[in-house]
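Structure record follows, encoded as structure tokens.
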2 protein chains.
Amino acid sequence: METIRISTPSSHSEIICGDSAFENFTREFDGQNAFVVTDGNVFSLYGDLLQKSLPKAEIFVIKAGESSKNHRVLLSILQGMVNAKLTKKSRVIAFGGGVVGDIGGLAASLYMRGVELVQIPTTLLSQVDSSVGGKTAVDMCGVKNVIGTFYQPARVIVDPLFLGTLPKRELRCGLGEIIKYGALDGEILQKIAQNSKNLFDFGFLKGVTPLCIKHKARVVAMDERDENGARKSLNLGHTTGHAFELTYKRRSHGEYVLIGMFYELFIACNNGVCAGDYADKLRSLIMRALGKIPALDEVSAAKYDKKNSEQSKISLVVPKREGEWAEITLNFDEYASQIKRCAQLIRGEK
Amino acid sequence: METIRISTPSSHSEIICGDSAFENFTREFDGQNAFVVTDGNVFSLYGDLLQKSLPKAEIFVIKAGESSKNHRVLLSILQGMVNAKLTKKSRVIAFGGGVVGDIGGLAASLYMRGVELVQIPTTLLSQVDSSVGGKTAVDMCGVKNVIGTFYQPARVIVDPLFLGTLPKRELRCGLGEIIKYGALDGEILQKIAQNSKNLFDFGFLKGVTPLCIKHKARVVAMDERDENGARKSLNLGHTTGHAFELTYKRRSHGEYVLIGMFYELFIACNNGVCAGDYADKLRSLIMRALGKIPALDEVSAAKYDKKNSEQSKISLVVPKREGEWAEITLNFDEYASQIKRCAQLIRGEK
């Protein structure tokens with residue numbers, strides 16, 4: 001087990017990472033005055049363990065899936081917290097994947113202006129990325145993450161125990177973020193490249209997870225509130241990924257991040273920012289994780305992405321060379337036409 | 001005009017206070033990319049001025065009154081912000097009294113995890129107290145301020161211009177908080193005592209407002225998030241006031257604060273914390289502001305006040321001697337019985 005710390009101007013966060021992290025946490029805490037937010041899938045797999053480990057906790061189960069990440073479900077959780085008569089000394093535990101972490105974290109940040117939050121991520125994606133850093137959010141009126149807060153969890157419990165029940169698609173999702181970290185951090189890229197043939201093996205995933213968390217912890221400590229540009233790097237692949245996700249809706253967030261990175265690599269090369277051989281290296285890892293890349297070309301939703309303060313301009317963070325990234329800003333029309341061109345090439349059109 | 005600054009670990013806030021503060025603000029800003037939250041009353045009085053002063057701003061009008069301070073109205077504002085396609089660089093202006101400031105501030109803190117907030121308080125209560133300090137909130141399921149954030153406004157524009165149209169009852173509301181500051185701060189108490197016969201005069205109110213804001217600014221800088229106890233002092237009169245407000249609902253917040261202070265003074269004397277002559281001085285100011293004190297005795301709602309982390313105990317901040325306060329903690333039953341006793345005395349029962 002390993003403890004990674006993040007100190008920001010507003011708080012301190014401790015990420016406890018490794019085998020038995022969950023067991024250790026519940027050994028010292030029985031769930032007294034705690035409110036657990038989880039989803040139906042996670043509860044069906046780990047409900048018994050949860051009730052046995054945190055016998056005194058109140059458990060609130062939301063419907064599994066991205067469609068739960070909205071203001072109506074947020075309100076139902078907050079109402080549940082009011083009904084449970086939680087106090088300022090209560091603790092909220094978000095036990096699940098990215099959706100549970102985002103919405104449970106937001107609820108914890110809002111209840112009585114903030115109660116202690118513990119994140120227990122159960123998917124690979126939330127373990128390597130979303131449970132760390134204090135971003136919480138729900139979607140509204142079709143705009144992703146438009147309602148949210150910055151709110152650091154007091155603790156994050158990252159236990160590989162939960163990876164065992166994840167379907168391959170969920171691992172692929174997490175690999176989307178892991179490869180993103182590879183594109184930002186040479187040490188992580190090396191580890192991924194060394195394991196390119198066994199990206200789905202638990203040994204590799206367990207080893208790479210703390211590296212991704214450490215990278216993110218460094219970035220968050222520099223730029224908790226997305227103000228000075230450092231944190232922007234973590235959006236690599238996400239602008240295009242989010243736009244596809246909103247339009248096509250069939251795949252999961254992490255898969256669209258992989259697809260978004262693929263398309264943005266095309267733009268990076270096209271604009272002379274990224275060399276072809278480095279782009280090829282990243283592309284081959286993306287394809288190892290995802291398989292065939294689909295031809296998608298509708299990106300209008302990117303105009304309303306909150307990362308863009310001007311709707312006519314699109315800002316992308318793209319890989320430059322090993323361990324380095326760059327920012328490209330394009331007019332929306334130029335951006336959309338480069339995405340179209342990439343889709344044509346994927347389809348085999350000239 | 002006077003500028004008062006608050007620096008907290010998470011942000012900086014500037015309070016610009018005095019004649020022409022509003023005009024100066026709108027001279028340098030035309031409302032471009034701004035979203036104004038206001039209420040029907042304020043809009044009927046100042047809608048023309050607002051549209052003339054901030055011609056490019058989008059204006060969102062909520063129903064006037066405490067009943068608007070809930071999660072449904074919050075959602076309608078957030079939806080309005082999404083529909084207006086605000087970006088991270090947009091600015092939210094809360095133009096109105098305490099309800100508009102609380103709900104507009106909360107919306108600003110949540111939209112894209114926080115956009116710039118300007119508070120323009122138009123009531124005496126919001127000018128001397130609620131617009132400063134960054135507490136935002138709405139009520140839910142009958143629990144006051146149970147959903148909220150700490151979010152500092154970048155600027156607060158405190159202009160006496162708006163006091164001219166306030167009914168006497170609204171001035172009385174503000175006097176509730178002003179007398180509270182008097183009970184915490186000897187300099188303010190002296191100023192109030194010197195003007196005890198003209199508490200409703202604008203000259204006095206204009207002069208005492210910056211003193212109250214400075215007191216609050218000092219407390220907020222020490223304890224932004226209500227963590228180390230300093231900020232708790234600002235709740236003087238509020239525990240009982242809130243409990244009455246939730247039960248009886250007829251009067252406004254500031255009036256219940258005056259009433260709450262009166263009852264809590266009784267408890268303070270009863271428990272030997274506050275000397276009788278000092279209590280008499282405060283009581284006479286309360287009665288000058290409010291008139292006759294009503295006999296009220298239902299305080300069960302205090303059990304669910306978020307200031308109390310244990311439901312069976314009630315914590316009160318009460319005046320001790322000039323410029324000093326103390327905290328009293330009572331079992332709920334003891335507290336309720338002392339409130340009952342005070343109501344009996346008011347009714348003239350033995």
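Selection of segment A:158-177 for residues being touching a Lys or Arg at 6+ places or on another chain (Cβ under 9 Å) and either within 14 Å of another protein chain (Cβ to nearest Cβ) or open to solvent by 40 Å² or more (accessible area, probe 1.4 Å) (or both) yields only A:ARG169. Looking at segment B:234-350, the helices (runs of 4 or more DSSP H) lying wholly inside it that each contain 2 or more residues that are in contact with a His (Cβ under 8 Å, 6 or more places away or on another chain) and within 30 Å of A:ASN33 (Cβ to Cβ) sit at B:238-248, B:253-270. Scanning segment A:233-262 for residues that are among the polar types (S, T, N, Q) and either more than 20 Å from A:SER315 (Cα to Cα) or assigned by TED's automatic domain parsing to the domain that holds A:GLY98 (or both) returns a single hit, A:SER252.
Looking at the structure I just gave you, is B:ARG155 surrounded by fewer than 18 Cβ atoms within 10 Å (Cβ to Cβ) and of a type in the set (Lys, Arg)? Here the answer is no, as B:ARG155 does not meet what is asked.
On inspection, B:GLU327 passes the criterion of being open to solvent by 10 Å² or more (accessible area, probe 1.4 Å), more than 14 Å from chain A (Cβ to nearest Cβ), of a type in the set (Asp, Glu) and under 24 Å from the mean Cα position of the chain (by Cα). Only residues that are surrounded by fewer than 19 Cβ atoms within 10 Å (Cβ to Cβ) and closer than 18 Å to A:LEU205 by Cα: list them for segment A:17-35, please. The answer is A:GLY18, A:ASP19, A:SER20. The condition of being hydrophobic (A, V, I, L, M, F, W, C), under 25 Å from A:LYS85 (Cα atoms) and touching a residue at least 12 places away in the same chain (Cβ under 8 Å) holds for only one of B:ALA336, B:ALA289, that being B:ALA336.
Beta carbons closer than 6 Å, at least 6 apart along the sequence or on distinct chains, pair a first residue in segment A:10-31 that is within 14 Å of another protein chain (Cβ to nearest Cβ) with a second that is surrounded by 16 or more Cβ atoms within 10 Å (Cβ to Cβ) for A:SER10/B:SER10; A:SER11/A:GLN152. Within segment B:298-310, none of the residues are farther than 30 Å from A:ALA84 by Cβ, in the same structural domain as B:ARG172 (by TED's automatic domain parsing) and over 18 Å from the mean Cα position of the chain (by Cα). Taking the criterion of being charged (D, E, K, R) and more than 8 Å from chain A (Cβ to nearest Cβ), the residues of segment B:48-86 that qualify are B:ASP48, B:LYS52, B:LYS56, B:GLU58, B:LYS63, B:GLU66, B:LYS69, B:ARG72.
Summed over segment B:113-144, the residues that are within 14 Å of chain A (Cβ to nearest Cβ), assigned to a loop (DSSP other than H, G, I, E, B) and open to solvent by 10 Å² or more (accessible area, probe 1.4 Å) give a count of 4.
Being assigned by TED's automatic domain parsing to the domain that holds B:THR247 and closer than 24 Å to B:GLY174 by Cβ is the requirement here; does B:LYS313 meet it? So B:LYS313 fails the test.
Each residue in segment B:247-267 was checked for being small (Gly, Ala, Ser), crowded, with 24+ Cβ neighbours inside 10 Å and under 18 Å from B:ASP102 (Cα atoms), and 1 of them qualify.
For every residue, the table says whether it meets (1) over 30 Å from A:LYS85 (Cα atoms); (2) open to solvent by less than 60 Å² (accessible area, probe 1.4 Å); (3) in the same structural domain as B:ILE192 (by TED's automatic domain parsing); (4) at pLDDT below 95.
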position: B:GLY207; (1), (2), (3), (4): yes, yes, yes, no
position: B:ARG231; (1), (2), (3), (4): no, yes, yes, yes
position: B:CYS269; (1), (2), (3), (4): yes, yes, yes, no
position: B:ALA275; (1), (2), (3), (4): yes, yes, yes, yes
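Considering (1) under 30 Å from A:ALA84 (Cβ atoms); (2) in contact (Cβ under 8 Å) with a residue 40 or more places away in the chain; (3) in contact with an Asp or Glu (Cβ under 6 Å, 6 or more places away or on another chain), the lone condition that B:TYR151 does not fulfil carries the number (3).
Listed by first and then second residue, the pairs linking a residue in segment B:216-243 that is more than 14 Å from chain A (Cβ to nearest Cβ) and under 22 Å from B:ALA301 (Cβ atoms) to a residue that is among the acidic types (Asp, Glu) and open to solvent by 40 Å² or more (accessible area, probe 1.4 Å), with Cβ atoms under 8 Å apart and 6 or more places separating them unless they lie on different chains, are B:ALA243/B:GLU298.
Count of segment B:87-97 residues, restricted to those that are surrounded by fewer than 24 Cβ atoms within 10 Å (Cβ to Cβ) and either more than 9 Å from chain A (Cβ to nearest Cβ) or under 25 Å from the mean Cα position of the chain (by Cα) (or both), is 1. Counting only residues that are at pLDDT 95 or above and either of a type in the set (Lys, Arg) or in contact with a strand residue (DSSP E or B) (Cβ under 7 Å, 6 or more places away or on another chain) (or both), segment A:152-171 holds 7 of them. Hey, any hits in segment A:98-109 for a residue that's assigned by TED's automatic domain parsing to the domain that holds A:ASP19 and either in a strand (DSSP E or B) or farther than 30 Å from B:LEU86 by Cβ (or both)? No, segment A:98-109 has no match at all.
Go through segment B:85-108 and report how many residues are basic (Lys, Arg) and free of Cβ contacts under 8 Å to residues at least 40 places away in the same chain. Of the residues in segment B:85-108, 2 are basic (Lys, Arg) and free of Cβ contacts under 8 Å to residues at least 40 places away in the same chain. Just the residues that are within 16 Å of B:VAL61 (Cβ to Cβ) and more than 12 Å from chain A (Cβ to nearest Cβ), please, taken from segment B:98-112. Result: B:VAL99, B:VAL100, B:GLY101, B:ILE103, B:GLY104.
The values are calculated or read from the model by the stated rules, or taken from the named source; none is laboratory data. In this text the structure is predicted, and so the values were computed from the model without any measurement. We place every Cβ from the backbone using ideal geometry, glycine too, and count neighbours over all the protein chains shown. We work out accessible area using only protein heavy atoms, side chains counted, and drop any ligands, DNA or RNA first. Shrake-Rupley method; radii C 1.70, N 1.55, O 1.52, S 1.80 Å.
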